[in-house]
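Engineer: Sharing a structure with you now.
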Amino acid sequence: MDNLKKLKILVLDDDWDSLMATVSEIGIYVDKGNIVYTQDPGEVISLIESDNVNTAFLDIDLGDTNGFDAATSIHITHPEVNCIFCTGHPEYALDGYDYNPLDFVVKPVNLLKLERVLKKAEAALSTWEVKPVPSEKIAILTGGGFQLVDTDDVVYVEKILRKVIIHTKNNVDISTKYSIGQLEKIFEGYDFFRPHQSFLVPLREIRNVHAEEGIRGSFYITLKNSKAKVNLSRNNYK
């Protein structure tokens, strides 16, 4: 179908047979060269980036994790990507709306419903404009005066007790006199995200969002250029 050529789709499902069925059904309407798929939630963000995905079909029940976690990772790192929950458990729908999906598809998939959802996803692409994030050197107040910091070099900002530290790509840590709240305002317009009262992170640095093992309702962010685990508050998770 010509009007669906703009879609670049990711399908996530931990069950292989279900995954292949969903890929095959989507392939009726979308060129299969524009569909990528995985059973591993940890691959979602890298596939979105490598294949220019703009629409994600996410199973909800993924064993140790769930599609809600995957949707949150996508919304934080790639808000331009539309998420569609595809599940055999329609009772999850009520909880799912907290995660701002474009739509729901219930398995086994009804092809007429799927076609409508795909057309809706294609139409939604034109409503989002991805704007380039500027890079700029900003004067940061330190104990020795002002130091110029390139916004592209910032990996994350962390408050440790009374100190605020800017961690950079070249492994130079800059201790600043600014509060983390002041830095949030300074970095406004450069796509920085405040996941927790003690952290400030550029969206481009976020690798994934994870549930803390053994601690229900606790989450953290992993980064691309650091091994640090950044806390994610519950208020910012959904």
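The values are calculated or read from the model by the stated rules, or taken from the named source; none is laboratory data. This structure is a prediction, so every number in the text was calculated from the model and none was measured. Neighbour counts are summed over all protein chains in view; Cβ atoms, including those assigned to glycine, are modelled from backbone coordinates with ideal geometry.
Engineer: Please count how many residues of segment 1-54 are within 23 Å of ARG116 (Cβ to Cβ) and assigned to a loop (DSSP other than H, G, I, E, B).
Structural biologist: Of the residues in that region, 13 qualify.
Engineer: Return yes or no: is ALA70 surrounded by 15 or more Cβ atoms within 10 Å (Cβ to Cβ), in contact with a Pro (Cβ under 7 Å, 6 or more places away or on another chain) and not in a strand (DSSP E or B)?
Structural biologist: Taking the combined requirement at face value, the residue satisfies it.
Engineer: Something else now. Examine segment 192-199 for a residue that is outside the structural domain of SER73 (by TED's automatic domain parsing), in a strand (DSSP E or B) and closer than 15 Å to ILE138 by Cα, and state whether such a residue exists.
Structural biologist: Yes, some residue in segment 192-199 is outside the structural domain of SER73 (by TED's automatic domain parsing), in a strand (DSSP E or B) and closer than 15 Å to ILE138 by Cα.
Engineer: Report, by residue number, each residue of segment 82-107 that is under 20 Å from the mean Cα position of the chain (by Cα), in contact (Cβ under 8 Å) with a residue 60 or more places away in the chain and farther than 12 Å from GLY67 by Cβ.
Structural biologist: Selection gives ASP98 alone.
Okay, residues lined up against (1) under 23 Å from ILE48 (Cβ atoms); (2) touching a strand residue (DSSP E or B) at 6+ places or on another chain (Cβ under 8 Å); (3) without any contact (Cβ under 8 Å) to a residue 24 or more places away in the chain; (4) not polar (S, T, N, Q):
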| residue | (1), (2), (3), (4) |
| --- | --- |
| LYS185 | no, no, yes, yes |
| SER198 | no, yes, no, no |
| HIS210 | yes, yes, no, yes |
| ASN225 | yes, yes, no, no |
| ALA228 | yes, yes, no, yes |
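Engineer: Still on this structure, please answer the following. I'd like to know if segment 32-51 contains one or more residues that are in contact with a Gly (Cβ under 9 Å, 6 or more places away or on another chain) and under 21 Å from ASN100 (Cβ atoms).
Structural biologist: yes
Engineer: Look through GLU205, GLU184, GLU213 and report the one residue that is in the same structural domain as SER233 (by TED's automatic domain parsing), in contact with a Lys or Arg (Cβ under 6 Å, 6 or more places away or on another chain), among the acidic types (Asp, Glu) and under 24 Å from PHE68 (Cα atoms).
Structural biologist: GLU205
Engineer: So, PHE57, is that one more than 23 Å from LYS119 (Cβ to Cβ) and of a type in the set (Phe, Trp, Tyr) or not?
Structural biologist: In short, no.
Engineer: Something else now. What residue, of TYR99, TYR178, is under 25 Å from PRO202 (Cα atoms) and outside the structural domain of LEU200 (by TED's automatic domain parsing)?
Structural biologist: Every option except TYR99 fails the conditions.
Engineer: Still on this structure, please answer the following. Going by what's in this entry, would ASP95 be described as of a type outside the set (Lys, Arg) and modelled with pLDDT of 90 or more?
Structural biologist: no
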